[in-house]
Structure formats: C-alpha cells, structure tokens
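The values are calculated or read from the model by the stated rules, or taken from the named source; none is laboratory data. Source: prediction; values computed, not measured. Because the Cβ atoms are built from the backbone with ideal geometry, glycine has one as well, and the counts that use them run over all protein chains shown. For the accessible areas, the whole protein counts, side chains as well, though only heavy atoms, and no ligand, DNA or RNA atoms are used. Shrake-Rupley method; radii C 1.70, N 1.55, O 1.52, S 1.80 Å.
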Amino acid sequence: MAMGISDGARLMRASFGVVRRNPALLWFPVISTGCLALTACFWIFEGAWLYAVSGPALLFVPLVLAGLYSLCFVGIFFSVALAGAAADAIDGGEPSFGDGVNVAWTRLGGIAGWACYSLFVALVLEFVKSIKGARWLGTAAQIACSFATIFVGPLIALEGLDSTSARGRSFQLAKESWRAESGGLGALRATLLIPGLLFYLDAKLLFGGHVHSLTGKALLGAVLVCGFGMTVAAGVVRQVFAVTLYRRVAATETA
C-alpha cells in the first residue's frame, strides 16, 4: 500500500527524533561548511594570483569551473557521508563522523559523477532563470529536480550505485513515494516558516544599518548564529528523512 501525505509527516517527525538522539550527525554539515569555506578561499586565491600576474582571460573559465566543481564535490561527499551515518543511526547504532566519512571514501566514483551532473544542471537552470520572463520556469525546474533526486545521496551511500543509476533509481522512487515525500518535506517547511521569517527580519535589521548600538548588533548576530544552527539541523533531518523513506519504499517493493 502506497504511503500518503500523513505518513510522510510522521516519517519526518521520526527523523527529527533520530537526529535528537544522535547529535553527532550535526557535525557533518558543520565540518562540510568549514571545508567548503577553505575550498572557496583556495580558488579565490588562485583567481587573485592569476589576475595579479595578468594571466589570459580565457584561463579564468576553467579556473571558475574547477572551483565550482570542487565545491559541488565537497558538498556531495559530506552528504553521502551523512547518509551512511544516518542509516547506522536509524538501525539503532551509534554513528561517528569517521564512520560516515569511511562510507563516502568508498563511493568516490559515484560522488564525482553526481557532482559533475549537479554542476551542469545548476548552470543550465541559472541560465534559464537569467532569461527575462523565464525565471519562474527555472525555479520550478529547480524545485522539481531537487524533489526527484532526494534519494541520490542515500543510493550512492547504501547501494554503491554510480551517479547515472542512482539518478534513475531516485526518479523511480520519487514517483512511487511522491505523496509521502511531499508530506514530509511540507511538514519540515511548515515548521521552519515562522523561525525563517524571524531570521530574515533579523538579517535585514543587522545588515540594513537599522541598529547602531554594539549590544544590539551582538544580539542580532547571536540570533543569526542560531539561524545557522537551525539550518544545519534542518538539513540533517532532511537527509535522515530521505534515508528513512528510501528504506521504507524499498522494503515495500521487496514485500
């Protein structure tokens, strides 16, 4: 029997419980953010050096593409690592950061292929969104792509599929479980709606020059840090939900 919207919402709530019992999962996006920052700094330095020596303008194209690809690779690497650790947590284990990274190290081929595909799609969608009157089309395609590929990370981590096979399998699973996926992701977005609005207003006040006292700026900055923490936790819960839903659908197919 196919799962419905309410089943997806319950799975999302259960995923939150998994993260609450296993706070070590929160280290994955935190360390990923640090690695992404270091990677970005490296490529910015390379670009600045090339500019300083008056290098050919055409060299900036492969430099930018290499930088963007490496950022995609790093982000997906830690996403796959998180999926591996999340599966262990769902099974009742005590996953560590090292356990998840070990899983990702054995899936470098799939990660590299998915990073390449993700970068290509992202560039195409950004081009579409830059066309006058087509921004809505690019945004809609971006949402649909994210929805259809939610299982790619778990499939690479848990089944060891290459990027092409993982993408095709994810499309199939998303088609079979679209109600549950919609219910779970909708519940997560509804939960984050009001806090997200508050953090947005906080950022507007902080960076818009509306607050001048040091104490006020410190308070708004602390609120933004809390917002970053909430975003990190939401991303982890979403990935745990993807692993949980994938296993549930796969078990239904087997039965």
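Fully extending the segment from S6 to F147, taken as 0.36 nm per residue of separation minus the present Cα-Cα distance, adds 49.0 nm. When the chain is treated as a GNM with alpha-carbon contacts under 10 Å, the residue of L219, L161, L108 showing the greatest mean-square fluctuation is L219. The equivalent ellipsoid that matches the C-alpha gyration tensor of the chain spans semi-axes of 31, 25, 20 angstrom, in descending order. Near T149, no amide H atom lies under 5 Å from its own; only residues 5 or more places off or on other chains count, and H is placed 1.01 Å from N. Between A222 and A134, the modelled labels are 4.8 nm apart [label points 7 Å from Cα along Cα→Cβ].
Over 31 Å apart at the Cα level, from the set K175/K204; K132/K204; K129/K175, are K175/K204. Using every pair of distinct Cα positions in region 82-222, the Kirkwood expression returns a hydrodynamic radius of 18.3 angstrom.
Each of R20 and W105 was given a label point 7 Å from its Cα along the Cα-to-Cβ line. The distance between the two points is 3.4 nm.
Shape of region 39-146 from its Cα gyration tensor (a ≥ b ≥ c, root eigenvalues): rounded if a/c is under 1.5, otherwise prolate when a/b > b/c, or oblate? In terms of gyration-tensor shape, oblate.
For the chain, the dipole from Cβ point charges (+1 on Lys and Arg, -1 on Asp and Glu) about the Cα centre works out to 700 debye, to the nearest 20. Against the criterion of solvent-accessible heavy-atom surface with a 1.4 angstrom probe, R247, R189, R179, R20 sort, most first, into R20, R189, R179, R247.
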